[in-house]
Amino acid sequence: MNVFQRDLNIPTPGRGFVDISCFIEKLLVESKIAVGLCHIFCMHTSASLTITENADPSVHVDLLHFMKELVPDDCGRVMPYFLYAYQRFAYDYGEC
């Protein structure tokens, strides 16, 4: 069994969607593996991978609006239980 592994660092502007298809396609070509399984793992704790068919761009807009409603930008003041531990400490002691 052939195994090909690479780390990707993809800069992002913050909240939103970033199409990483071109990065993955380049790695698949580089791997020279014709048939197999592609496993993508996101190590960032506040990021996620979403697979969409990309047929309708409004799907991303709908998802972004939903996420903003679910977790607003100022959620630290409204829902402090969403803060990371180190941010929670600063919030509790008025540093946030």
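The values are calculated or read from the model by the stated rules, or taken from the named source; none is laboratory data. Remember, predicted model here, so these are calculated numbers, not experimental data. Using ideal geometry, Cβ is built from the backbone for each residue, glycine included, and neighbour counts are taken over all protein chains shown.
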Checklist outcome for this item: Note on segment 2-35: residues over 17 Å from the mean Cα position of the chain (by Cα), assigned to a loop (DSSP other than H, G, I, E, B) and at negative phi are 2, 3, 4, 5, 6, 33, 34, 35
Next on the checklist: Filter segment 45-56 down to the residues that are of a type outside the set (S, T, N, Q) and exposed (fewer than 10 other Cβ atoms within 10 Å of the Cβ) and list them by number.
Outcome noted: 49, 51, 53, 55
Item to check | Matching residues, segment 37-96, being part of a loop (DSSP other than H, G, I, E, B), in contact with a Phe, Trp or Tyr (Cβ under 9 Å, 6 or more places away or on another chain) and at pLDDT 60 or above | outcome: 45, 46, 49, 50, 52, 71
